[in-house]
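Please treat every number below as a calculation from the coordinates, not as lab data. Since the model is a prediction, treat every value here as computed from it, not as a measurement. Don't worry about glycine lacking a Cβ; one is built from the backbone with ideal geometry, like all the others, and counts go over all protein chains shown.
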Amino acid sequence: MPTKIIDINEATIKKYVASLRPEDLEIRNQIDIGYLYKANVVCLFEIRPDWQNPNQMQKIEFARIRFYKTKKIWKLYWMRASGKWELYEPFSESTHLGKIIEIIKEDKHGCFYG
């Protein structure tokens with residue numbers, strides 16, 4: 001019988017994203033939240049209709065979290081208006097993904113939720 005391995009990091013991200021998503025399905029057609037978790041990188045993004053073509057959905061990333069295996073540390077990045085990712089200072093790293101999620105939730109500098 002195959003055993004399914006539970007990735008605690010993905011479970012943490014999934015729970016956080018679920019807490020942000022609108023409950024109403026009609027609203028989700030206008031704005032939703034998603035994530036991509038691949039290897040050592042987590043991307044959090046908004047899903048919304050393109051302003052020029054409302055029939056086309058676009059993903060707008062607002063946070064990136066990267067795990068550095070050699071240091072065993074998670075680092076948090078935010079996207080500048082220039083489209084470049086920058087380390088979120090001064091609270092940019094932690095050994096626990098949950099702490100990084102808390103930093104995003106606080107959003108002291110308005111980098112993630114505006």
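List of remarks:
- Only Lys, Arg (+1) and Asp, Glu (-1) charged, at Cβ; the chain dipole about Cα centre in debye: 600 debye
- For region 95-112, backbone nitrogen atoms closer than 13 Å to the point 7 Å from Met79 Cα along Cα-to-C-beta are found at 112.
- Max mean-square fluctuation residue, GNM over the chain, Cα-Cα springs under 10 Å, options Ile104, Ile31, Ile13: Ile31
- Dipole of region 8-106 [Lys/Arg +1, Asp/Glu -1 at C-beta], most positive-end residue of Leu36, Asn9, Gln52: Asn9
- When peptides 55-62, 93-100 are sorted by average Cβ neighbour count within 10 Å, with the highest value leading, the order is 93-100, 55-62.
- Kirkwood hydrodynamic radius over Cα pairs of region 50-114, then Stokes diffusion coefficient at 20 °C and 1.002 mPa s, in µm²/s: 165 µm²/s
- Ranked by how many other beta carbons lie within 10 Å on average, peptides 20-30, 68-78 from highest: 68-78, 20-30
- Between Asn53 and Asn29, the simple spin-label model (points 7 angstrom out along Cα→Cβ) gives 2.0 nm.
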